[in-house]
Amino acid sequence: MTTVDFGFLLTGYGLLSLVLFLATSFTTLGWIIHGFILIPLYGLVVLIWWLVAAQIPARTVRLRRGLWAVVLVLQLATILASPGNCYAWKQGNRCYSNLQVLMGRAPAGGSSRAPHWSLVENNFHTMALAYGASLVLAVSCTSVSSEP
């Protein structure tokens, strides 16, 4: 795969991931975190890659599959830890995670007296940052051949 092909693949991955994150985290808190962390990160990573690809368009790239597997696992973990039900969040209530909603321990909408899974809910921000860092690491460790 050439640097230009990888640029298109990376751009498509960024757009699809962003849509997936925003669709699974259809809450104010989720959109704030994704908007302030992931959108600028995707934009920066894709822009830098296209600047590299413009200088050396015919060179081949070699992906580190292990790093990309970590990126996808962290992406899934971020989606599961992201807010799934934020009823009365603006009034100071906590959000239920998507994991808790998917497992049936909390409703998908409306109020609930179900206990919060603080360990999962408190790590949403950390998971989003870890996912972003792993994405940057995976792209920066992508090797580009020295010959066209």
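Okay, here's what the table says:
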quantity: Candidate values [x] 1.22; [y] 1.51; [z] 1.57, label of the one derived for Cα Rg over 2.2 N^0.38 Å; calculated: [x]
quantity: Ranked by how many other beta carbons lie within 10 Å on average, peptides 47-60, 107-120 from highest; calculated: 47-60, 107-120
quantity: Cut-off under 5 Å, modelled amide H: who pairs with Thr60 long-range; calculated: Ser145
quantity: Heavy-atom accessible area per residue - the chain, 1.4 Å, Å²; calculated: 57
quantity: Helix-only CD estimate at 222 nm, as mean residue ellipticity for the chain, using -39500 (n - 2.57) per DSSP H run (n ≥ 4); calculated: -19000 deg cm²/dmol
quantity: Interchain or long-range residues, amide H under 5 Å from Gly84's placed H; calculated: Tyr96, Ser97, Asn98
quantity: Of all accessible heavy-atom area on the chain, the percent that carbon and sulfur account for (1.4 Å); calculated: 69
quantity: Karplus-derived HN-Hα couplings along segment 22-34 (A = 6.51, B = -1.76, C = 1.60, θ = phi - 60°), whole Hz, x at Gly and Pro; calculated: 5, 6, 7, 10, 7, 9, 4, 4, x, 5, 5, 5, 5
quantity: Distance between segment 92-148 and segment 31-58 - C-alpha centres, whole angstrom; calculated: 20
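The values are calculated or read from the model by the stated rules, or taken from the named source; none is laboratory data. Keep in mind that this is a model prediction, so the values were computed, not measured. With ideal geometry, Cβ positions are generated from the backbone for all residues, glycine too; neighbour counts draw on all protein chains shown. For accessibility, only protein heavy atoms count, side chains too; no ligands or nucleic acids. Shrake-Rupley method; radii C 1.70, N 1.55, O 1.52, S 1.80 Å.
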